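Asker: Input: one structure, supplied below.
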Amino acid sequence: MVELEGTKLSEKEIETLPGVIYYKPFTRYKFTAGYAVSVFLEGLKRGKIVGSICRRCGRVYVPPRSYCEYCLKPTDEFIELPDRGEISTAVISYISAKRGRLEKPEFVGVIRLETPGYREGSYEFAGLFHKICGITEEDVKTGKAIGMKVKARWRPPEERAGSILDIECFEPIGGGED
Amino acid sequence: MTTKPRVAVIGMGYSGFQPTTPHASFREMMFEAALKAYSIAGIDDPRSQVDAFISCQEDYWDGIAIADEFAPEPIGGVLRPTFTVSGDGLQGVAQGVMLLKTGYFDVITVESHAKPSDIVDLGKIYEMALDPIYVRPTAPKTAVPHYIAALDAVAYMDSRESGEEDFAEVAAKNRNNGLTNPLASYAANVSIDEILESEHVAYPLTMYDISQPVDAALVAVLASDTAVDRLGAWDRAVWIDGIGYNTETYIPERHVYGTMPSIRRSALTAYGEAGITNPLSQLDFAEVDDRYSFMELLSLEEALLGEDSIELLRRGDTYPEGKFPVNASGGSLATGAPFEATGLMRLYYAYMKLLSMQEGRGLVVSWRGPPTYTSAAAVLSYYGGGEE
């Protein structure tokens, strides 16, 4: 490491320099999930993934929407989907919120959920963004992860709160590396 | 030189107007408002019939950074030209009017929404609207910076022969006006004396003088005269004869208290475009800002509606049955103030009022509320369902 010339200031000295005003925002919200997403969250608590479908264009929304953004009409009904599908795309994130390097990288991606009863091509797949566990950096880098069959790893029923985190992650069917 | 298209509002829709709306997300409220507006406008397929979409909002109100990205989908704007205006809905209407005047657009959607019931620490949001270096540290730690409006109210009283009883009369008028408006959650059968006897929130304002936040989403569909013709929308076309908007300064000590020059400038722009030279005789009614009771009086004066708005009030002219009704809807005092959607709310009432008239002209004035010095004004007219 090269030692630079000059006077090094401590964090505290920087904070007290005239011309620098520190301010910590403090705001709290209680977001209204709304009609359709509330049905989704209640479903998660029961260990079910609920979506909604627009019969006009065939799009399946997960989490469900009360309207179809492409047809701009109310969606037609809620549908229950299996808690499994395949990885549509996945990424490895190496950086923490404080810009440090993570010891163990995070895997996140989009899961293309199975939509039984609907012919391939007759509907738009239902994608869900979530954490992925049990896959390796190599799986992502080689493209092996794409198309990999995965299943939701649920929290125990007594720990579920009606939250997207009631699903811990999606993991390869048949188990993978942890 | 080709003639610029004329622009009309051909449909408006709303959702909410309640202090809390736990049944719907803000996106679902936007969708409901949009469907209603398209239905009135006669737009069967907004995905193809609307040329551009404008959403008016602020990230902190929504609690979502870069909330622009959430704007398109509930109003039909996915993969369509959409942009946001970080300001009042009436400012968004002005943007829409300008787009339509270019001749490259025929139909534009303008949306604005507010869900204050989602915000736990409203005061902290307002605090972040203040200058962080030399205003935040000294500002009173209140839920809503009513003291900023009160500074104007005190200066207004001082510069006119006006007193709390005038403010109380506006508050009583509008709260009672709201009793006939099903959307007025804060309407009240309250007398001037009751208001004068109530405690101050920030002198000289009592709780009756101050509008409350309300959840609402509003959508307006704007159309060029060509589109009005094509859609057969003459019967529901309220023409925007003129519209203006501007911002004064963010520096509170530079504001001339007891005045609102941004309203004056906006109104002058709107009058210039509309050919209005004597507003009080050429207009039939007004829906003006009344987030605070005194703001109704100040809005009227700044919009040059007579030299003395207090005299208009005292004579009874601004009552619903008076010569020049002002905020017959109950205004924000009776219906609440849905943040950036407040201007579209004023527009909605003016639109509905004009449709109910055989022929008429009205003024809409919107102020963004504290701690802003931003305003917009529009002159609207209706010709009874036929071409002018």
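The values are calculated or read from the model by the stated rules, or taken from the named source; none is laboratory data. Since this is a predicted model, take the numbers as computed values, not measurements. Here the Cβ is made from the backbone with ideal geometry for all residues, glycine too, and neighbour counts use every protein chain on show.
Asker: Quick one: in region A:150-169, which of the residues that are free of Cβ contacts under 8 Å to residues at least 40 places away in the same chain and in a helix (DSSP H, G or I) is nearest to residue A:44 (Cα to Cα)?
Answerer: The selected residue is A:165.
Asker: Keeping to region B:1-38, report how many residues are modelled with pLDDT under 95 and within 11 Å of chain A (Cβ to nearest Cβ).
Answerer: Total satisfying the criteria: 0.
Asker: I need the full set of residues from region B:107-119 which are farther than 17 Å from residue B:342 by Cβ and out of contact with any Ser or Thr (no Cβ under 8 Å at 6 or more places or on another chain), in order please.
Answerer: Matches in region B:107-119: B:108, B:109.
Asker: Among the numbered criteria (1) surrounded by fewer than 20 Cβ atoms within 10 Å (Cβ to Cβ); (2) out of contact with any strand residue (DSSP E or B) (no Cβ under 7 Å at 6 or more places or on another chain), which single criterion is violated by residue A:34?
Answerer: All conditions are met except number (1).
Asker: What is the one condition in (1) assigned to a helix (DSSP H, G or I); (2) touching a residue at least 60 places away in the same chain (Cβ under 8 Å); (3) more than 25 Å from residue B:42 (Cβ to Cβ) that residue B:227 does not satisfy?
Answerer: Among (1) assigned to a helix (DSSP H, G or I); (2) touching a residue at least 60 places away in the same chain (Cβ under 8 Å); (3) more than 25 Å from residue B:42 (Cβ to Cβ), residue B:227 violates only (3).
Asker: Got at least one residue in region B:9-24 being under 23 Å from residue B:364 (Cβ atoms), in a loop (DSSP other than H, G, I, E, B), touching a Gly at 6+ places or on another chain (Cβ under 7 Å) and of a type outside the set (Val, Ile, Thr)?
Answerer: no
Asker: Considering region A:1-42 alone, what residues qualify as being of a type in the set (A, V, I, L, M, F, W, C) and assigned to a helix (DSSP H, G or I)?
Answerer: A:14, A:36, A:37, A:39, A:40, A:41
Asker: Mind checking which residues of region A:60-110 are in contact (Cβ under 8 Å) with a residue 12 or more places away in the chain and charged (D, E, K, R)?
Answerer: A:65, A:73, A:76, A:77, A:80, A:83, A:84, A:86, A:106, listed by residue number.
Asker: If I go through region A:69-80 residue by residue, how many of them are out of contact with any Phe, Trp or Tyr (no Cβ under 8 Å at 6 or more places or on another chain), surrounded by 20 or more Cβ atoms within 10 Å (Cβ to Cβ) and more than 8 Å from every other protein chain (Cβ to nearest Cβ)?
Answerer: 1
Asker: What tally of residues in region B:217-253 results from selecting those that are under 16 Å from the mean Cα position of the chain (by Cα) and at pLDDT below 95?
Answerer: Of the residues in that region, 0 qualify.
Asker: Next question. Identify all residues within region A:84-100 that are in contact with a strand residue (DSSP E or B) (Cβ under 6 Å, 6 or more places away or on another chain) and farther than 24 Å from residue A:173 by Cβ; write none if there are none.
Answerer: Within region A:84-100, A:94, A:96 qualify.
Asker: Moving on. Take the residues in region B:67-88 that are among the charged types (D, E, K, R) and assigned to a loop (DSSP other than H, G, I, E, B); name whichever of them is farthest from the other protein chains (Cβ to nearest Cβ).
Answerer: B:88
Asker: Which residue is surrounded by the fewest Cβ atoms within 10 Å (Cβ to Cβ), if the candidates are limited to region B:319-363 and must be in a loop (DSSP other than H, G, I, E, B) and polar (S, T, N, Q)?
Answerer: Top of the filtered list is B:358.
Asker: Any residue that is more than 23 Å from residue B:40 (Cβ to Cβ), in contact (Cβ under 8 Å) with a residue 12 or more places away in the chain, crowded, with 20+ Cβ neighbours inside 10 Å and of a type outside the set (A, V, I, L, M, F, W, C) - is there at least one of those in region B:232-241?
Answerer: Checked region B:232-241: no residue is more than 23 Å from residue B:40 (Cβ to Cβ), in contact (Cβ under 8 Å) with a residue 12 or more places away in the chain, crowded, with 20+ Cβ neighbours inside 10 Å and of a type outside the set (A, V, I, L, M, F, W, C).
Asker: Run down B:40, B:54 and say which single residue is within 22 Å of the chain's Cα centre (by Cα), within 16 Å of residue B:343 (Cβ to Cβ) and either part of a helix (DSSP H, G or I) or of a type in the set (A, V, I, L, M) (or both).
Answerer: Going through B:40, B:54 in turn, the sole match is B:54.
Asker: What number of residues within region A:151-174 satisfy the criterion of being in contact with a His (Cβ under 6 Å, 6 or more places away or on another chain) and either modelled with pLDDT under 95 or of a type in the set (Ser, Thr, Tyr) (or both)?
Answerer: Count: 0.
Asker: Would you be able to say whether some residue in region B:39-51 is surrounded by 18 or more Cβ atoms within 10 Å (Cβ to Cβ), within 24 Å of residue A:73 (Cβ to Cβ), away from chain A (no Cβ under 11 Å) and hydroxyl-bearing (Ser, Thr, Tyr)?
Answerer: no
Asker: Follow-up question, since we're still on this one. Where in region B:89-168 are there helices (runs of 4 or more DSSP H), lying fully within it, with 2 or more residues that are modelled with pLDDT of 95 or more and either under 21 Å from residue B:288 (Cβ atoms) or away from chain A (no Cβ under 14 Å) (or both)?
Answerer: B:89-101, B:146-159
Asker: Now a separate question. Please work out which residue is farthest from residue B:350 (Cα to Cα), limiting yourself to region B:151-190 and to residues that are among the polar types (S, T, N, Q) and surrounded by 15 or more Cβ atoms within 10 Å (Cβ to Cβ).
Answerer: B:162
Asker: Can you tell me which residue is surrounded by the fewest Cβ atoms within 10 Å (Cβ to Cβ) among those in region B:103-141 that are among the polar types (S, T, N, Q) and touching a residue at least 24 places away in the same chain (Cβ under 8 Å)?
Answerer: Looking at residues that are among the polar types (S, T, N, Q) and touching a residue at least 24 places away in the same chain (Cβ under 8 Å), I get B:117.
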